[in-house]
Every structure is written in structure tokens, then in C-alpha cells.
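> Quick one: structure below, then a few questions.
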Amino acid sequence: MSKLVGLFSGAVSGGRGRRVGLYVVLYALAILAALALSALLVVLATDASPWSVFKAMYDGSLRDGAAFGLSLDEATPLLVVALGTILATRCGIINIGQEGQLIIGATFATWVALEFPGGGFPAIAATMLVAALGGALWAGIAAVLRFTRKVDVVISTLLMNFIAAEVVSFAVNRAYLLRETSVGGQLTVPQSDRIPENTRLPRIGHFPDFNVSTGVFLAIVLTAVIAVVVVRTRWGFRLRMLGMNPMAAASAGVSVAAVGATALILSGAFAGVAGGVMLTGTAFRLQPGFSQSVGYDGLLVALIARGSPIACVPVAFFFGVLRAGGGFLASTGVPRYLVNIVQSLLVLAALFPPVFLGLRERRKQLARARAAARMSDASVDTELVPA
Amino acid sequence: MASVVNERPSGAAMGGGSPPPVAAVELRGITKRFGDVVACDAVDLAVARGEIHGLLGQNGAGKSTLMKILLGLHNADAGQILVSGRPVVVKDPLVAASMGIAMVHQHFSVIGALRVWENVTLGERGRVDPKRAARHVREIGERYGLAVDPQARIEDLTTGQRQRVEIIKCLRRNPDILVLDEPTSVLTLAESQDLFGVLRRVVQEESRAVVLISHKLDEVLHATDKVTIMRDGAVVARHRTADTDASELAREMVGREVSLRSTAGAALGVVVDDAAAEADAAARAVRSAREVVLAIDDAHAKSSDGRRLLDGLTLDVRRGEILGLAGVEGNGQAALGLLLSSVLPLDRGTVSVSGEVVRTGKPGAMLRAGVGVIPEDRHECGCVLDMTVAENLVLADIDTVSSGVFVNTRLMRERAAELIERFSIKTPSPDTLMRQLSGGNQQRVVIARELSRGPKVLVAAQPTHGLDVGAIEFVAEQLRAAADAGVAVLLISTELEEILALADRVAVINSGRIMGVLDRADVELERLGLMLGGRAA
Amino acid sequence: MNDLTTILSSAMRLTAPLAFAGAGEQVAERSGTLNISIEAMMLAGAFFGLLGTSIFGNVAVGFVVGAAAGLAVAVIHANFSHRLNANTFVVGLTLNVLLLGLTSFLDETIDMTPHQAGVIRIPVLRSIPVIGEPLFVNRWPMYLLVVVLPLSYWLVQRTRWGLEVRASGEDPQAADVTGIDVNKRRRQSLYYCGLLAGLGGAYLAIAEVGTFNQNMTAGRGFLVNSAVIFGGWTLKGTMGGCFLFGAADALRLALPALGYTITPQLLIMAPYLLAILAMLFFASRNRKPAALAVAFERGIT
């Protein structure tokens, strides 16, 4: 991680204006190429025009207050997931189990939201806390496996995602757990009841004007907290030390197990909170497929933001815009899956410039070396009598 | 003896005969920069068949970089390489191999999970033939006295055996030019002698060329035919080995007069054979009356894959003394360092500081008990390269420069400024990244941090490894001063010369066990050599 | 006895796609890549395999197209993570999203005709009791495994290429010093994995089902990752894992019909659980390639 950051900052500060210019051009080209590919796909495979597709995505995400609010709602859980992820990556732990941690958090949250008497702020607070607990628990299993039996975190968190999906499926399939209650003998489907109105996050503004769930404020507060924690506190210092050099940290008295496990568990808690935010802010009920890949996308946000909490904000918003815009696509008769394509092409495009320039630098060095060798060859060859 | 700094005779001319024979390999005007640092500055070097050519220089003089260019691991910015008189472009190690250049690396290039024969065929072309490879391992092993089981896995071998595999791997390719990078650092005295015997055969009977990279004067004087001395990336002198002596080489290597009977001499690999402390019997009595500060009793530890690291190690270090722990690399020194850094837990046995038993393997426990460690590999566990100098100076003491849960950057910078001044650390600012400092200054940061905590015990593991003479002298002074101030100093080193120059008592470690402890004055090299090889005192 | 044969036959059919991809992934992981884009490769193989079959009217051609599609995904993944040194998980996850989107998108916009591979009944052997039918009455692509599995073993264990692949996965720095182009070997193993995962995906669509459904792999790619871990990074173990997971799937489908009730969720999660348990209890026996999922960059030691 630090290597990546170093590469990035080095390239920007070291090379001055020309370097920065090159970056801007490369980013622009890469993003244009991604969009052009998407457009080509629309032309080849559908009757719609690319223009109408991009316009629909714009209409759905940015055109007016309501659309903008929708983008913010989509960005909120992504940002929360990403913030937690940063805690883990900062200390060198790769948690890719946010998806599972998120839905376990949401499952716990659903139970509390449905059972907590009275509703209102206490109910919402309790729901969020329990959501955090659920995510923390799920990540905690990976932490225990790692720090007692040395099981790789990447692998265990990945596998736990699928176990979590089945746990949720199990819960919403059992009447004695979370399956919806049958009203007047109606058939039920495997999903939970809707959580009560008074246990939902309040919204600001009203449709058709700008309106947004208050979850976004929670996300912003958390961003500020994480930004301060990782940069300014003793714990953040230890976290950084651990991520950059675990051996040095251990000999300086940092408990790799304690700090690492805490960071991993906290990152799970954040994913859990994201699940809680989705439940109380937009979804209101638990069902299989609840997460809609928010866990994976949140992880991507953190990785693209390269460990900076502040950088997560625009990246998460960008992802939110794509998600919100995608919902609107159906109106043009283009399958909504196009959004997944556009999004992933854009991610690949965003990866390209820094790594490409790094590669080019290495190539140049080699070429210089070869040229130097060849030049001196020529001078020698003239002196040598051919055998 | 006619050797002037600016003189640049070609290797061929030095051969003496006429017409001059073509050198097996010749480097002309090789220049290599890393950022602003010039690692090699227009270096010329010629090595003839049938000679062992010493490449002598301090750490950081550019020897290894030069050889890595020859091997195709780095690409030179300028200059050219001639093999048997023909200019060539060595783009990668495969090309080097095809031209008959092979290298025994300082950090081995053998792969632990693979078998010996697999490692030996690695990096070649064509079909893999297990039987033939195994046969070659056995044949070469017999011919040169480098026996090793071709079916063994590398991870089960000792460091000495691993080096054998490395050498077999090179010789199997029948190279014209064999480069060895500091090969004796992992060997016992006897093993080193054996190695030089092998090299002698390789040049005399098979007429190959050998380049021996070293920073040890004795070794170069003993084993080479010619020697080229490098300093600060440039060649400063060349000699026939027979025409020169230790003090001349030392002067050229360091760039000033060096007393060979000093720590600097030890750093250059000259054994200080008679102890200055010999007459000092009274001082000895005083020292031995002092209380034991660090006591390790019957320590047993295993690695995670079940290998035995410490096997009943017992050791006492007293207040105000330097106890030198000598041993060949890989005999438990690293484990001992980790133990005293609270990283390695013991299966059995105890560690106590000033009579209090300290829990092993509990992060920070040793630290709190008053044990300071200058670790063996400062990049690996002594500092954090991507943090600033100021941050590195308070790695373990972040609590002392904090207000509440927050780090107080003002306090941290004040502390840094004070230590930078006191330990003469050369850095543009306290906010410079550790990565950008020279090795010597990085080591100063580590020492400053550990000493500023006022430790009762100071463990210095290979504290001068990779430093130039100036920095080595600084480290030695600091260790001496610490001991004089009452700190119990444990100096762990594979360089016998260093231990003999600095220690008050010498302990020898072998296979995770102490073979014996001697007073410096009682040390006889021969006996020490036997102990290093695993014979009890 | 008849029930057992039926379940075993079903287990074989469900194992085959995993086995193709598993043989590939085992090679990729030995080279040091923890490839989480198998899902994408298999989806690509399934969709484009059927598309190829649909266009050319020939299942064999479909398999070639499917393998090529898996390879194409691998080429993107390999060049991003082992040439440009981008984070392999970012690339892998992104490719999963990309291929899920792309295949679902195209599935809604392109019409394809269903196709299914023919069944081969091997005489005599098919009449062996219990195992005769599961092993010797299958759609013909199943028998490609007879070539693919020995080939994969031979490649890794017997060839110079395989030796260099293993070296790259164990100690890339040392391998580099020896003159092995570590990232090239890693790219090539990923290509091999892409080809085989593409075949596995194609098997899913055109050998057994005959049509394409959106997200038809449904997490099988990750099952393959689990199988490699469960199998302790050996080919034999990986195949054992694949069969075990295929059998669990077959049981899930068969048990209700046989009158047994067992929680389906438990059977679905069993493979992932088993993989974790394998890591817990066989950690010392199962050797993970030391540099698995560690990017290699020259000059950084």
C-alpha cells in the first residue's frame, strides 16, 4: 500500500508540471476509452443511442435535487465500508470480506429494528450498534483464525462472504427467525418484515425536491473521525507502523495481534454499520441479495482511494452516481447491466495511468542502458579485426 | 607497489606477458547512478583466466553493483562489457549465463521449498532431467568436496550447505567467470579455508577466472592473486596481491591512514591477535564482581515449522561489560535477537533482567524491562523506512510525546532535534523519510533511539553490518561508552574481528547453544575456531 | 443402489466445471496469483461458448470460443496485475463485475439457440455396478478431463516451465536473480487458468444445460478457489475438493426427492466451511506457496 502511495506522490511531486500534465492527459484518455467502449457496446447490441444512455444516467444521478439525493444515498454505505477498509489496509491487512460482514450486520440490525420497542432515536442507535457488532463478529472470526492459527485473512474473509450469504438465506427462510409474518393466511416469501417507520433514519427534504437520508451525515462524521484517527492519534501511528513494517512494530512493543485484530474487527464493524445504514435508510427489509455488492464496491472505493479517507469521499460519490444512474437506465430500454460494464471499465481506466507511467519509467531505463552499450560497441567494432 | 590513485592500467597489461592475453572479462567505463547517488563511476576492471581477482572495498563502495551489472541484474548507464575481448550486452542473468558468467550471491538465490537438484537446474534452458541433474550434483560435489544430497529440500539445509548448493549450481554451468559476493560471511573459519581451496582448484586446474568480492583485508591477502580496490564508486588502486600489504590496502580502501589495531582495523577484517586488555587483570576482577543484569537460562525455542532455534542457551551479561557473542551465521543469533525484541516466545527457560523474570514473546515486555535492541537487519525490524526520521526516533516511545490520545508533533520534533544533534545524525530535516538517509545515518537513528531510552541492557546484533568505516567507528564508540556508563552490552556478531576488538568476554554460539565463554585475554584463535565449528571448549 | 448411482452421476456432472477451472487455478496459485476472477472467466466461457455454438452450430467450436473468452479475461487480468503491477484483487473484483454485467447485458440483447453436447456411452465399462454409469456415460466434453488433468500435472511437476512457475510462487526475488522472468511466468499461468476456466464455463452452458442463464456460475469460481485451498495446493487435493463440492451440490438437489430433509443452506456453505477447516487443521501439511498473492517488482527486496 505504502509503495503504491509512494509511487503516486513521487510521480506528482518529483516530476513537476510535465508529469502532472501527462497524468491528466492519460486519465482523460483512459476514461474516454472506457466510455467509448461502453458506447460501442450500446450501438452494437441495442437500438438505443449511446447519447440517450449517458443522458439517462445523468438524469438518474445528477440532473435535479432528487437525483442528486439518490446518488448520495447510494454513496453513503460505500463510503462507510471504504472507511473501515482503510483501517485494515493501513496496518497491512487485506480484508475482502466486507460483503459478508455487511449482510451479517444488516441481519443483526433487522432483528433489533423489528424487536426494539418504541422506535425513535434509541431504536435507531441500538440498531446501528448491533449492526456494527454483527460486522465485527464476522470479521472477528477471521481475526481469531489469523492470530491463533495463522489462517490467511484474504482467503478466510473471502470464504466467509459465501457463508454469510447462506446464514442470511437461512434466517429469512425460517419463520422463527426473520421470515416475514403471514398476514391473514397469505403466502410469505423468504424475506423479513419491513422495519417500523419510527426505526428508519429520518430523511431531509421531500420528493420531488432534493431529499436524502440522514445516513449521509453519519458517513461524513465517520470520515472526519477516521481521518483524524489514522493521521493524528497514537493508535493511528501504531497502525501505520504495523502496516509499513510489522517486525519493527513488534519490536517497538506494538502487539501485532492486538492492533491488527482490532483494525480488522473495526473494519468489519464499519461494514456492519453500512449494512445498518442501508437497512434503516433505503432498504427497510432484509432479503437474499440485500447487499447488492456494496461490500465489494466499498472495498474497491478504498483501494482506488489508496488508503486516504478524504479521497474516499469523491470516489464513493462517483460510484454512487453510477449506481443511481443505472437505476434510471431501464427507461431507455437498455438493460441496467450496462452500468456494471461502465463502472468496471472506468475502474480499469482509473488504474491505468499511474501503473503505466511506472512501467514506462522502467522501460526507459533499460533502453538507455542498451543504447549506451550499443554506442560503445560501434566504436570498438571498428578496431576489431573480424575473425 | 607502484600504485597511484589515478593510474588505470588495463588488466591485460598487468598480466605481464606480451602480447597481452585477452582478459576473460573486461569492464570499461561502467557508470551507474541510483537517483543522485553514483554507485559506479567510470569503473574499469579486467580479470584474466587462471586468476582469483579480489574486489575490495567498504560497504557501499560499489563492488556489488558493479558485479550485478556484469550479471545483468542492473543495467549500466554508460560503459561496456567485453567477454573474451568481444563487446557484449548483458541484458539479464540468462544472457550472462550464456556467456559463461555465474555468481554466488550473498543472499542466496536458492529456493527453500524446492529440492537441491531442482534448484541446480533452475535458470537453465531445455528439458528438465532429474536423474542427470542429481548425478551432476553428486559429481560436482565429489570433484570439489562439496557433498550435498541432491534430493534434500533447501529449507532443511544449514546455511553452509546452502552455499554449497549455490556454488554447485554455478559450477554445473561450467562458467568461465565465477563471481562470489562476500562468500565467507556465512562460513566457519574451516569452511572458509575449504572454499578457498575449491577456488584455487577452479582457477589453477580449470583455468577459469574468479572474482572475489570482499571487505576483509586478511581474506583478500590470503586468497587472491590480484586485487582491485574501490572507494565511493570508483577504482582507487590495483595491485598484485603479493606486492602489497594490509596497511596499504586499508589506506586505499578507507582513504586515510587507519590503525589496524583498532576497531577500524577490525572492521576491515584484520584480526587483533593480542588483547590490549591482557595486562588488565585487576579490571577483570572488578568486572566479574559486578552484578549480572541480563540472564538467559536454558532457553529453548522452535520455529513455526518445527526447526530448533535455541537449544538450552544459557548466557549472563554483567553491568558495564561488553559480551561478544561470536558464531557462524544461522546458529541461533537471529532467534536470540528476536527473543530479546520480545518477538520470539520460549518453549522452556527464562530471561531475567536485574533478577526479574521477563515474559517472553509478549510485545514490548523486554522493552519495558529495560532491554534496548539494535537489530541485525535495521531495514527489517530496526526502523520504518517510509516514516520520517522524527517518527523513527520515537517508534517505541510514542506515548512520551503524546497529549491524550493524540500525537504531539511539536514534542516529537523537539525530541528529534535534540537526538539529531546529540548523535550527529546527518539529515536534511527531522521530517525527511528514513528511506532517504544513508545506511550509517539510519543506524545512528536506531542507536540514538535505543540509547535515549536509558536501557539497562543493550543488544547490538551485527551493528556494523553494511556500514563504512566512519560509521563503524561511531558505533564502536557508542557501545564502549554505553558499557562504561554501566549498561550491560551484548554484541552479537559473525565478524570475529569485531568481537575481538570490542568485547570484554567472548561467548561462542553454535546450533542454538553456548559452546563456551572466554575472557578476551584468554582467547586463542585456534580454540575459538573449534568452538565456532561446534566443539565444546 | 440405483439412487447412489444417480447421485454419483449428478455429482460428476456438477464436478466437471469445477475440475476444469480447478486444474487451471491450481497452476495459477502455484505461480503466486490468488486469482479471484475465475468467476469472470467461467461466465465468459459459458456465455461465449454458447454464443459460438449458436453461431457455428457446433458444440466443439463453442468450446474453443469459450476457452478463448476465458483466456481473454485472463489476458486483461494478467497484464494489469503482472505487467502493470496493479492490485490483483482490484482487478479481479472488477473483472467479475465486468463479466457479470457484460454477459447479462448481452444475454438480454442477443438471441441464442440452445445446444447441448452429445452423450458418449463407453461399452462394457458402463456396466460396472455403481460407478459404471457415473464414470462412463457422460456428455463428451467430460472426457476432455482425461487430457487436461494429466497435462496440468505434467506441466507443473515435470517441465522446466512448471519448475519456474513453482519458483516464482515460492521466492520471486531469488527466482529473478536466477534469470527467471517471474511476472511472465505468472502471466502465462494465468493464461492457462483462463483457458481451462473458460472450458469449465463452457461445460456448464453447452455440455449440461444447453442454455445460458444470467449469473449462471453463481459463485462456482469462488468454489474453485476453495477447492485449491482445501486441496493444499496440489492437483490431486484440488480435484478431491472439486468432487467433494460437486457431490455436496448433488446431494442438495437429490435429497429432497429421496425424502430426506437437510438444510440446503448448510450444503451450499459446506464447501467454504470445509476450505476454512482444511486451512485450520492441515496447515502444516498443506503448503501454501510462500509468495501467494504477493506482487513481484524488481529491485524491491
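> Does any residue in the stretch C:217-238 that is among the basic types (Lys, Arg) come within less than 7 Å, Cβ to Cβ, of a residue that is at pLDDT 90 or above six or more places away or on a different chain, and which pairs are these?
Listed by first residue and then by second, the contacts come to C:Arg220/C:Pro17; C:Arg220/C:Leu18; C:Arg220/C:Met42.
> Only one residue in C:Ala23, C:Ala67, C:Ala60 is at pLDDT 90 or above, away from every other protein chain (no Cβ under 13 Å) and surrounded by fewer than 24 Cβ atoms within 10 Å (Cβ to Cβ). Which one? Break it down stepwise before answering.
Details: C:Ala23 fails: surrounded by fewer than 24 Cβ atoms within 10 Å (Cβ to Cβ); C:Ala67 fails: surrounded by fewer than 24 Cβ atoms within 10 Å (Cβ to Cβ).
None of the others qualify; the one that does is C:Ala60.
> Ok, one more. Which of (1) more than 28 Å from B:Arg290 (Cα to Cα); (2) touching a residue at least 12 places away in the same chain (Cβ under 8 Å) is the odd one out, the single condition B:Arg410 does not satisfy?
(2)
> Go through the stretch B:154-208 and give me each residue that's in contact with a strand residue (DSSP E or B) (Cβ under 9 Å, 6 or more places away or on another chain), among the acidic types (Asp, Glu) and in a helix (DSSP H, G or I).
If the condition is that a residue be in contact with a strand residue (DSSP E or B) (Cβ under 9 Å, 6 or more places away or on another chain), among the acidic types (Asp, Glu) and in a helix (DSSP H, G or I), then B:Glu166 is the only one that fits.
> Right, next: Which one of the conditions (1) surrounded by fewer than 20 Cβ atoms within 10 Å (Cβ to Cβ); (2) in contact (Cβ under 8 Å) with a residue 60 or more places away in the chain does B:Glu51 fail to meet, given that it meets all the rest?
B:Glu51 satisfies every listed condition except (1).
> Return a yes/no flag: does the stretch B:455-468 have any residue that is touching a Leu at 6+ places or on another chain (Cβ under 7 Å) and among the polar types (S, T, N, Q).
No, every residue in the stretch B:455-468 fails to be touching a Leu at 6+ places or on another chain (Cβ under 7 Å) and among the polar types (S, T, N, Q).
> Same structure again: Tally up the residues in the stretch A:322-331 that are buried (at least 22 other Cβ atoms within 10 Å of the Cβ) and more than 14 Å from the chain's Cα centre (by Cα), please.
Of the residues in that region, 4 qualify.
> Contact list please: Cβ distance under 6 Å, first residue in the stretch A:217-230 and surrounded by 13 or more Cβ atoms within 10 Å (Cβ to Cβ), second residue of a type in the set (D, E, K, R), pairs at least six apart or on different chains.
Listed by first residue and then by second, the contacts come to A:Val230/A:Arg90.
> Moving on. Need the failing condition index for C:Leu253 against (1) free of Cβ contacts under 8 Å to residues at least 40 places away in the same chain; (2) more than 10 Å from chain A (Cβ to nearest Cβ); (3) assigned to a helix (DSSP H, G or I), just the number.
(1)
> Quick one: which of B:Gly382, B:Gly440, B:Gly370, B:Gly364 is modelled with pLDDT under 90, more than 10 Å from chain A (Cβ to nearest Cβ) and surrounded by 16 or more Cβ atoms within 10 Å (Cβ to Cβ)?
B:Gly440
> A further question on this structure: Within the stretch B:405-412, is even one residue at pLDDT below 85 and surrounded by 14 or more Cβ atoms within 10 Å (Cβ to Cβ)?
Scanning the stretch B:405-412, I find no residue that is at pLDDT below 85 and surrounded by 14 or more Cβ atoms within 10 Å (Cβ to Cβ), so the answer is no.
> Restrict the check to the stretch A:147-162 and report whether at least one residue is more than 13 Å from chain C (Cβ to nearest Cβ), part of a helix (DSSP H, G or I) and of a type in the set (Gly, Ala, Ser).
Checked the stretch A:147-162: no residue is more than 13 Å from chain C (Cβ to nearest Cβ), part of a helix (DSSP H, G or I) and of a type in the set (Gly, Ala, Ser).
> When the residues of the stretch C:207-237 are filtered to those that are surrounded by fewer than 24 Cβ atoms within 10 Å (Cβ to Cβ) and aliphatic (A, V, I, L, M), which remaining residue is farthest from the chain's Cα centre (by Cα)?
Selected residue: C:Val209.
> Taking A:Gly358 as the residue in question, decide whether it is at pLDDT below 85, in contact with a helix residue (DSSP H, G or I) (Cβ under 9 Å, 6 or more places away or on another chain), away from every other protein chain (no Cβ under 11 Å) and surrounded by fewer than 20 Cβ atoms within 10 Å (Cβ to Cβ).
Here the answer is no, as A:Gly358 does not meet what is asked.
> Would you check if there is a residue in the stretch B:290-301 being at pLDDT 90 or above and within 14 Å of another protein chain (Cβ to nearest Cβ)?
Step one: of the stretch B:290-301, the residues at pLDDT 90 or above are B:292-301.
Imposing the further condition that a residue be within 14 Å of another protein chain (Cβ to nearest Cβ) reduces the set to none.
Within the stretch B:290-301, none of the residues are at pLDDT 90 or above and within 14 Å of another protein chain (Cβ to nearest Cβ).
Condition check ((1) facing chain C (nearest Cβ under 7 Å); (2) closer than 27 Å to B:Val90 by Cα; (3) in contact with a Ser or Thr (Cβ under 6 Å, 6 or more places away or on another chain); (4) in a loop (DSSP other than H, G, I, E, B)) across all residues:
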{"position": "B:Ala113", "(1), (2), (3), (4)": "yes, no, no, yes"}
{"position": "B:Asn119", "(1), (2), (3), (4)": "no, yes, no, no"}
{"position": "B:Glu124", "(1), (2), (3), (4)": "no, yes, no, yes"}
{"position": "B:Ala134", "(1), (2), (3), (4)": "no, no, no, no"}
{"position": "B:Glu139", "(1), (2), (3), (4)": "no, no, no, no"}
{"position": "B:Glu142", "(1), (2), (3), (4)": "no, no, no, no"}
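> So, in the stretch B:32-72, how many residues would count as being within 14 Å of chain A (Cβ to nearest Cβ), assigned to a loop (DSSP other than H, G, I, E, B) and out of contact with any strand residue (DSSP E or B) (no Cβ under 7 Å at 6 or more places or on another chain)?
Summing the residues that are within 14 Å of chain A (Cβ to nearest Cβ), assigned to a loop (DSSP other than H, G, I, E, B) and out of contact with any strand residue (DSSP E or B) (no Cβ under 7 Å at 6 or more places or on another chain) in the stretch B:32-72 gives 3.
> Follow-up. Which of the residues that make up the stretch B:503-533 are crowded, with 19+ Cβ neighbours inside 10 Å and closer than 18 Å to B:Ser185 by Cβ?
If the condition is that a residue be crowded, with 19+ Cβ neighbours inside 10 Å and closer than 18 Å to B:Ser185 by Cβ, then B:Val508, B:Ile509, B:Asn510, B:Leu528, B:Leu532 are the ones that fit.
> Is there any pair with a first residue in the stretch C:41-69 that is touching a residue at least 60 places away in the same chain (Cβ under 8 Å) and a second that is crowded, with 22+ Cβ neighbours inside 10 Å and among the basic types (Lys, Arg) whose Cβ atoms are under 8 Å apart and which are 6 or more apart or on different chains, and what are they?
C:Met42/C:Arg220
> At the interface with chain C (Cβ under 10 Å from one of its Cβ atoms), crowded, with 24+ Cβ neighbours inside 10 Å and within 23 Å of the chain's Cα centre (by Cα) - does that describe any residue in the stretch A:122-141?
At the first step, the residues of the stretch A:122-141 found to be at the interface with chain C (Cβ under 10 Å from one of its Cβ atoms) are A:141.
In the following step, the residues that additionally are crowded, with 24+ Cβ neighbours inside 10 Å were identified as none.
No, every residue in the stretch A:122-141 fails to be at the interface with chain C (Cβ under 10 Å from one of its Cβ atoms), crowded, with 24+ Cβ neighbours inside 10 Å and within 23 Å of the chain's Cα centre (by Cα).
> Limited to the stretch B:483-537, what total is found for residues that are more than 21 Å from B:Gly332 (Cβ to Cβ) and of a type in the set (Gly, Ala, Ser)?
Number of matching residues: 5.
> Here's a follow-up. Among the listed residues C:Leu190, C:Leu196, C:Leu204, which satisfies the condition of being in a helix (DSSP H, G or I), of a type outside the set (Ser, Thr, Tyr) and touching a Phe, Trp or Tyr at 6+ places or on another chain (Cβ under 7 Å)?
Only one candidate passes the filter, namely C:Leu196.
> Could I ask something else about it? If I filter the stretch C:157-174 for residues that are under 27 Å from C:Val59 (Cβ atoms), part of a helix (DSSP H, G or I) and within 14 Å of another protein chain (Cβ to nearest Cβ), do I get at least one hit?
Checked against the condition, which is being under 27 Å from C:Val59 (Cβ atoms), part of a helix (DSSP H, G or I) and within 14 Å of another protein chain (Cβ to nearest Cβ), the stretch C:157-174 yields no hits at all.
> Select from the stretch B:73-103 the residues that are small (Gly, Ala, Ser), more than 8 Å from every other protein chain (Cβ to nearest Cβ) and closer than 25 Å to C:Ile180 by Cβ and list them in ascending order.
B:Ser98, B:Gly100, B:Ala102
The values are calculated or read from the model by the stated rules, or taken from the named source; none is laboratory data. Source: prediction; values computed, not measured. Note that each Cβ is placed from the backbone with ideal geometry, even for glycine, and that neighbours are counted across all protein chains shown.
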